[in-house]
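This report refers to the structure that appears directly beneath it.
The values are calculated or read from the model by the stated rules, or taken from the named source; none is laboratory data. Since the structure is predicted, the reported quantities are computational estimates derived from the model, not experimental observations. Don't worry about glycine lacking a Cβ; one is built from the backbone with ideal geometry, like all the others, and counts go over all protein chains shown. The accessibility values were calculated without ligands, DNA or RNA, using every heavy atom of the protein model including side chains. Shrake-Rupley method; radii C 1.70, N 1.55, O 1.52, S 1.80 Å.
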Amino acid sequence: MTTLAATAPSSPRHSRRKRAATTVDRALRGGILGAAVAAVAWVLAGTLAVTVFLVLVVVTIAAAAFTVMKENAPLGLWAAIGVGWLVVMMERWAVQGHGGLWVAAAAWLGIVLGARRAGISKWSLPLLAYPVLCGVIVVLAGQDLAEPWGSSWLWVAAVLGPVVGARTLVQERPPKRPADKPPLTSRL
């Protein structure tokens, strides 16, 4: 029995660089997936909002015509139209005005979940809070947190950029040429 246990194949241990590259790749994949899902949801919400906007324009015109013809409009009709316009304006501010923030938040959530599923070490977990540090820097610089550089969409680059940089640092590099062999062009 002991000879069987001694000859059993053991799983090869990966280097730290290889494990870090795997973790960063999975975190980046999660971030891109989160950003893509949020961007699609943002586009669909915008499409729905435009549709509701057009319907509200038609309903408002019809209600105005009804009010002119009947000289008495039900208060409930105008209250419903007012609530509809309020919802459209709130959607315009919250979703369309801050679309980049929502997509960046989803990308960050994807990065955190991807890194956790890849088995990021516990001491590295606080490093995933880098968007909070970016937000602190923006606030200390006196910029608007919603549109710090003129567009909320730059938050997506601020969230995904460091992960792309980390991926560049930990990816496998091709081995260097041995020093004793000159390049092929000098041998000819």
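Comparing Val43, Val103, Ala158 along the charge dipole axis of the chain, the residue lying farthest to the positive side is Ala158, per the Cβ-charge model. Rounded to whole numbers, the Karplus 3J(HN,Hα) couplings from phi for region 28-44 are 5, 4, x, x, 5, 5, x, 5, 5, 5, 5, 5, 5, 4, 5, 5, 5 Hz, using 6.51 cos²θ - 1.76 cosθ + 1.60 with θ = phi - 60°, and x at Gly and Pro.
Taking the Kirkwood radius as Rh and the Cα radius of gyration as Rg, the chain has a ratio of Rg/Rh equal to 1.29. Taking 0.36 nm per residue of separation and subtracting the Cα-Cα distance, full extension of the segment from Leu56 to Leu140 would add 26.1 nm.
To the nearest 10, the accessible area of Leu101 is 50 Å² with a 1.4 Å probe. Highest GNM mean-square fluctuation among Gly84, Gly110, Gly76, for the chain modelled with Cα contacts below 10 Å: Gly76. For region 58-159, the carbon plus sulfur part of the accessible surface works out to 75%, probe radius 1.4 Å.
Taken per residue, the accessible surface of the chain reaches 72 Å², heavy atoms only and a 1.4 Å probe. Once both axes come from the Cα atoms, what is the angle between helix 154-170 and the longest principal axis of the chain, in degrees from 0 to 90, rounded to 10? It works out to around 10 degrees.
Please report, in debye to the nearest 20, how large the charge dipole of the chain is about its Cα centre when each Lys and Arg carries +1 at its beta carbon and each Asp and Glu carries -1 there. Kindly include the intermediate steps, with their values, before the conclusion.
Numbers: 18 positive and 7 negative charges, 331 e Å.
Result for the chain is approximately 1600 debye, rounded to the nearest 20.
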